[in-house]
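**Student:** Have a look at this one.
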There are 2 protein chains.
Amino acid sequence: MRVSCAVFLALCFASRALPAQAATSNAALEIEALNKSLADATRRMDNGAALALWADDGVSLLPSTKPIEGKKAIGDFLNTVTAAYPGARMESFTMQCHGLEISGNWASEWCTEHQIVNLAADKPPFDGWGKMLLVLHRSAGGWRITREMWNQALPGGGTAP
Amino acid sequence: MRVSCAVFLALCFASRALPAQAATSNAALEIEALNKSLADATRRMDNGAALALWADDGVSLLPSTKPIEGKKAIGDFLNTVTAAYPGARMESFTMQCHGLEISGNWASEWCTEHQIVNLAADKPPFDGWGKMLLVLHRSAGGWRITREMWNQALPGGGTAP
């Protein structure tokens, strides 16, 4: 059985090379759309839209913070941050992602981001740069974030634009 | 061709369920060995042994640092850090990894680490906690680190031991 499987698989993959490439290309476009949705949700400070991009078993790893495990805990964290800065408004948010690797229903990429947040009227705006490493998983609902880690980046992000 | 592939694949996978599980189990054991090698190399401050665990196109994402892209750049960075602390000696280093996900030749996991480093005689030891998100790739040489991000953890790591 093993040999016949191997031979047959080779024939299948040989005959399906173009569809396989198309599948990877589709996945890359879908992940590009996920990145755009993440940037849009962050820009609008829309916690519901951001949370919808997470897998149920997602884990967010933020600096000097306990690992945030599971979609409910991530939603609670986002709401806690928003509540702590009631007058905050995102003036600008940009994100560039690099090094996309796709293997079936799993993918990873790393990104740099720059955010300017207007805080209360009597405070200077927050101007911060960060890096992210993301692991993504595709289920029936599409690609979702399963792992996210963030740390501070140098101003300019340290990479070519 | 497509239908016959699908039917045949279903038969293949049904008949090979146990070998497939064994492959995943082997990969998990191999990654456990990689983690142990990484901890051992870090404990000995052996930059050569640590660098051997990296893929040629690896990217290390450290806080307030430009992304370090490629094995040579990562080796140069490790040597720069070692040279900056000539009397340093790792008193202890422990690392626990979680959430291993394997898809073919790709995997990811996140880890917490605790290090105590004795610096020069007139300085107090450095006692630090960190978190890591790793993306791993298996090539002919075995599993290697392709992406690493690190940030600070709360003392205790914020997770159960």
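**Student:** What residue, of A:S60, A:S92, is assigned to a strand (DSSP E or B), small (G, A, S) and over 22 Å from A:H137 (Cβ atoms)?
**Tutor:** Within the list A:S60, A:S92, the selection yields A:S92.
**Student:** Report, by residue number, each residue of segment A:118-139 that is among the aliphatic types (A, V, I, L, M) and at pLDDT 95 or above.
**Tutor:** Of everything in segment A:118-139, those that are among the aliphatic types (A, V, I, L, M) and at pLDDT 95 or above turn out to be A:M132, A:L133, A:L134, A:V135, A:L136.
**Student:** How many residues are in contact (Cβ under 8 Å) with a residue 40 or more places away in the chain and assigned to a strand (DSSP E or B) if we restrict to segment A:114-161?
**Tutor:** The qualifying residues number 17.
**Student:** Among the residues that make up segment A:51-61, is at least one of them farther than 28 Å from B:I68 by Cβ, exposed (fewer than 14 other Cβ atoms within 10 Å of the Cβ) and aliphatic (A, V, I, L, M)?
**Tutor:** No, segment A:51-61 contains no residue that is farther than 28 Å from B:I68 by Cβ, exposed (fewer than 14 other Cβ atoms within 10 Å of the Cβ) and aliphatic (A, V, I, L, M).
**Student:** A:W143 fails exactly one of the following numbered conditions: (1) crowded, with 21+ Cβ neighbours inside 10 Å; (2) within 10 Å of another protein chain (Cβ to nearest Cβ); (3) farther than 19 Å from B:M149 by Cα. What is the number of that condition?
**Tutor:** (2)
**Student:** Moving to a separate point now. Which members of segment B:62-110 meet the condition of being crowded, with 16+ Cβ neighbours inside 10 Å, over 28 Å from A:W129 (Cα atoms) and hydroxyl-bearing (S, T, Y)?
**Tutor:** Once the filter is applied, which keeps residues that are crowded, with 16+ Cβ neighbours inside 10 Å, over 28 Å from A:W129 (Cα atoms) and hydroxyl-bearing (S, T, Y), segment B:62-110 yields only B:S103.
**Student:** Residue pairs, Cβ under 8 Å, 6 or more apart or interchain, first in segment B:25-39 and loosely packed, with under 12 Cβ neighbours inside 10 Å, second modelled with pLDDT of 95 or more. List them.
**Tutor:** Partner pairs satisfying both residue conditions: none exist.
**Student:** Follow-up question, since we're still on this one. Under 9 Å between Cβ atoms, which residue pairs at least 6 apart in sequence (or on different chains) link something in segment A:57-68 that is more than 8 Å from chain B (Cβ to nearest Cβ) and under 16 Å from B:L61 (Cβ atoms) with a partner that is modelled with pLDDT of 95 or more and assigned to a strand (DSSP E or B)?
**Tutor:** Note: pairs meeting the criteria are A:S60/A:W54; A:S60/A:I68; A:S60/A:E69; A:S60/A:I145; A:S60/A:R147; A:S60/A:E148; A:S60/A:M149; A:S60/A:W150.
**Student:** If you go through segment B:72-87 one residue at a time, do you hit one that is in contact with a strand residue (DSSP E or B) (Cβ under 7 Å, 6 or more places away or on another chain) and not in a helix (DSSP H, G or I)?
**Tutor:** no
**Student:** Condition test on A:L119, is it facing chain B (nearest Cβ under 10 Å) and on the phi < 0 side of the Ramachandran plot?
**Tutor:** No.
**Student:** Of all residues in segment B:1-55, which are more than 29 Å from B:H114 (Cα to Cα) and either at pLDDT 95 or above or assigned to a loop (DSSP other than H, G, I, E, B) (or both)?
**Tutor:** B:M1, B:R16
**Student:** Which is at pLDDT below 95 and at positive phi, of B:G156, B:G87, B:G142?
**Tutor:** Exactly one of B:G156, B:G87, B:G142 is at pLDDT below 95 and at positive phi, namely B:G156.
**Student:** Give the residue that is farthest from the other protein chains (Cβ to nearest Cβ), with candidates limited to residues of segment B:73-113 that are of a type in the set (D, E, K, R) and under 17 Å from the mean Cα position of the chain (by Cα).
**Tutor:** This residue is B:E113.
The values are calculated or read from the model by the stated rules, or taken from the named source; none is laboratory data. On a predicted model such as this, the values are computed, not experimentally measured, just so you know. Quick reminder, even Gly has a Cβ in these numbers, built from the backbone with ideal geometry, and neighbours come from all protein chains shown.
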